[in-house]
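Notes for the one structure printed next.
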Amino acid sequence: MDIVILAVIIAVVVLGAIGGLIVGSRRKKPLPPPPPAAPDITAPPAEPHVGDEAETPRDEPRRTIEEVDLPDGGSTGVAVEEPPVVEVPEIEIPEPTEGRLVRLRARLSRSQNALGKGLLTLLSREHLDEDTWEEIEDTLLTADVGVQPTQELVERLRERVKVLGTRTPEELRGLLREELVKLVGTDVDRTVKTEPEDRKPGIVMVVGVNGTGKTTTTGKLARVLVADGRSVVLGAADTFRAAAADQLQTWGERVGAHTVRGPEGGDPASVAFDAVKEGKEMGLDVVLIDTAGRLHTKTGLMDELGKVKRVVEKHAPLDEVLLVLDATTGQNGLVQARVFAEVVDITGIVLTKLDGTAKGGIVIAVQRELGVPVKLIGLGEGADDLAPFEPEAFIDALIGD
Ligand SMILES: Nc1nc2c(ncn2[C@@H]2O[C@H](COP(=O)(O)OP(=O)(O)OP(=O)(O)O)[C@@H](O)[C@H]2O)c(=O)[nH]1
Ligand SMILES: [Mg+2]
């Protein structure tokens, strides 16, 4: 028995040894050479293995810039050119137009004190006698509301106050607000039409006498459009002064809009024509044309504007002709408005500098005069100080909360 077990053990050991040799000889690989004591820089780089670091560890010491020898242009005989300094103008992202009038309402404070607060104080008097009504009338006229609208408003207020009997300040405020909003008008379309159609860009021409804020308004409007995701090209059709085109171009560059310009003293109509052409060819959304406000003679200016309009209309009709009026010039602005309206069909009014005047009532007067709505108002010199005109928000700003 013992001998049998011993024989089996010996057999197993012998077989195992033979099997091991066979398997071992299959598996056997030469051992890798021992690592060299010093790195051999002539050896080819070792192949990466699974589990090797893919990158040099971050904490591995790196060469600093001082240790790198820069090629010496002179000694190698190869001229090293300085890379050209490309100035990339920083494109600004204008703020959205929504709620601008509310943000800027404090700018109307001068008008607010003169018109809104003044009227409310007068209407709150215990006895609304003839003298008081006359004062109310004077307040409206002083704020440039205009004769006809003033008379209408006073009439309406008289009637409604009579019906009201006792008057609380809230009631009076509500009543005044309602009548003023009605006078300004809520049922007119005040959108500035800039929609491109049939591969034709929206075309807007900006007109007005010098210094009213045409170029500034054109620039601000370009920002509004760009903020709304539109592509814009500017036409510097004020060729009377070279600085005018520069001024417009600066506005354009701030929002990445190209300006088409011509030589000083060149033909403004051809600049406007080229701007529309570029807008069409490049498939842009809107073309804004800034025009001159001053020429040697008034007749010259009017002839020129008429020509610009006619020439542009060889491409396509104008979508908007915006008349820019300086609110601080009061009745004088109305006279200008009439002259412009005769030459070019005004489709909208931009009242600028409402931040610096107590004559906010001009909004009402000018709409009456031209039968054209105020579409935009300027409330400061800042790049985003142009607001869509909203009658309710405007009247709220005028009479305060
Ligand atoms: N306070 C205030 N200033 C304004 C407003 N709009 C324009 N201005 C300023 O009015 C001045 C004249 O503006 P411009 O845009 O150059 O006027 P313009 O009509 O193009 O003038 P010309 O090219 O000479 O015909 C500038 O100093 C503007 O900053 C506004 O809403 N409020
Ligand atoms: Mg200008």
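The values are calculated or read from the model by the stated rules, or taken from the named source; none is laboratory data. In this text, all values refer to a predicted model and were calculated from it rather than measured experimentally. As a convention, Cβ positions derive from the backbone with ideal geometry for all residues, glycine included, and neighbour counts pool all protein chains shown. Areas reflect the complete protein model, heavy atoms only, side chains present, ligands, DNA and RNA absent. Shrake-Rupley method; radii C 1.70, N 1.55, O 1.52, S 1.80 Å.
Does the stretch 343-374 hold any residues that are more than 14 Å from ligand 1 (Cβ to nearest atom) and under 21 Å from the mean Cα position of the chain (by Cα), and which are they?
Matches in the stretch 343-374: Gly348 only.
Of all residues being open to solvent by 50 Å² or more (accessible area, probe 1.4 Å) and either within 30 Å of Val321 (Cα to Cα) or outside any helix (DSSP H, G or I) (or both) in the stretch 164-176, which is modelled with the lowest pLDDT? Just the residue, please. Steps first, please.
Going residue by residue through the stretch 164-176, those that are open to solvent by 50 Å² or more (accessible area, probe 1.4 Å) are 164, 166-171, 173.
After this cut, where a residue has to be either within 30 Å of Val321 (Cα to Cα) or outside any helix (DSSP H, G or I) (or both) as well, the list is 166-168.
On the way: Thr166: 76, Arg167: 82, Thr168: 87.
Here the answer is Thr166.
Among the numbered criteria (1) surrounded by fewer than 16 Cβ atoms within 10 Å (Cβ to Cβ); (2) free of Cβ contacts under 8 Å to residues at least 60 places away in the same chain; (3) not in a helix (DSSP H, G or I); (4) not β-branched (Val, Ile, Thr), which single criterion is violated by Gln151?
Condition (3) is where Gln151 drops out.
Within the stretch 100-137, count every residue that is more than 25 Å from Gly380 (Cα to Cα), open to solvent by 80 Å² or more (accessible area, probe 1.4 Å) and part of a helix (DSSP H, G or I).
The initial filter retains those residues of the stretch 100-137 that are more than 25 Å from Gly380 (Cα to Cα), namely 119-137.
Cutting the leftovers down to open to solvent by 80 Å² or more (accessible area, probe 1.4 Å) gives us 121, 125-127, 130-131, 134.
Filter once more, so that each one left must be part of a helix (DSSP H, G or I): 121, 130-131, 134.
The number of residues fulfilling the criteria is 4.
Name, by its number, the condition in (1) more than 16 Å from ligand 1 (Cβ to nearest atom); (2) under 18 Å from the mean Cα position of the chain (by Cα); (3) open to solvent by 10 Å² or more (accessible area, probe 1.4 Å) that does not hold for Gly213.
Single failed check for Gly213: (1).
Suppose the filter is touching a Phe, Trp or Tyr at 6+ places or on another chain (Cβ under 9 Å) and within 16 Å of ligand 1 (Cβ to nearest atom); does Ala242 pass it? Break it down into steps so the answer makes sense when it comes.
Numbers: touching a Phe, Trp or Tyr at 6+ places or on another chain (Cβ under 9 Å): no; within 16 Å of ligand 1 (Cβ to nearest atom): yes.
Against the criterion (touching a Phe, Trp or Tyr at 6+ places or on another chain (Cβ under 9 Å) and within 16 Å of ligand 1 (Cβ to nearest atom)), Ala242 does not qualify.
Filtering the stretch 292-307 down to residues that are in contact (Cβ under 8 Å) with a residue 12 or more places away in the chain and in contact with a Gly (Cβ under 9 Å, 6 or more places away or on another chain), which residue is nearest to ligand 2 (Cβ to nearest atom)?
Looking at residues that are in contact (Cβ under 8 Å) with a residue 12 or more places away in the chain and in contact with a Gly (Cβ under 9 Å, 6 or more places away or on another chain), I get Gly293.
I need a count of the residues in the stretch 177-196 that are within 22 Å of the chain's Cα centre (by Cα) and open to solvent by less than 70 Å² (accessible area, probe 1.4 Å).
Taking the stretch 177-196 first, the residues within 22 Å of the chain's Cα centre (by Cα) are 189-196.
With the extra rule that they be open to solvent by less than 70 Å² (accessible area, probe 1.4 Å), the set shrinks to 190, 192, 194, 196.
Selection size over the stretch 177-196: 4.
Would you confirm whether or not the stretch 394-401 contains a residue that is touching a residue at least 60 places away in the same chain (Cβ under 8 Å), of a type in the set (Gly, Ala, Ser) and touching a strand residue (DSSP E or B) at 6+ places or on another chain (Cβ under 8 Å)?
Of the residues in the stretch 394-401, the ones touching a residue at least 60 places away in the same chain (Cβ under 8 Å) are 394-400.
Cutting the leftovers down to of a type in the set (Gly, Ala, Ser) gives us 397, 400.
In the following step, the residues that additionally are touching a strand residue (DSSP E or B) at 6+ places or on another chain (Cβ under 8 Å) were identified as none.
Scanning the stretch 394-401 turns up no residue that is touching a residue at least 60 places away in the same chain (Cβ under 8 Å), of a type in the set (Gly, Ala, Ser) and touching a strand residue (DSSP E or B) at 6+ places or on another chain (Cβ under 8 Å).
Applying the selection to the stretch 237-248, what residues are buried (at least 18 other Cβ atoms within 10 Å of the Cβ) and either without any contact (Cβ under 8 Å) to a residue 24 or more places away in the chain or within 23 Å of Asp198 (Cβ to Cβ) (or both)?
Once the filter is applied, which keeps residues that are buried (at least 18 other Cβ atoms within 10 Å of the Cβ) and either without any contact (Cβ under 8 Å) to a residue 24 or more places away in the chain or within 23 Å of Asp198 (Cβ to Cβ) (or both), the stretch 237-248 yields only Ala245.
Just checking, which of Pro196, Pro149, Pro201 is modelled with pLDDT under 95 and in contact with a helix residue (DSSP H, G or I) (Cβ under 9 Å, 6 or more places away or on another chain)? Working first, answer last.
Details: Pro149 fails: modelled with pLDDT under 95; Pro201 fails: modelled with pLDDT under 95.
One residue alone meets the criteria, Pro196.
Identify, please: which residue in the stretch 271-310 is assigned to a strand (DSSP E or B) and within 16 Å of ligand 1 (Cβ to nearest atom) and is, among those, surrounded by the most Cβ atoms within 10 Å (Cβ to Cβ)? Outline the logic, then answer.
Within the stretch 271-310, the first condition is being assigned to a strand (DSSP E or B), and the residues that meet it are 286-291.
Then drop every residue that is not within 16 Å of ligand 1 (Cβ to nearest atom), which leaves 288-291.
Working: Leu288: 30, Ile289: 29, Asp290: 33, Thr291: 29.
The extreme case among them is Asp290.
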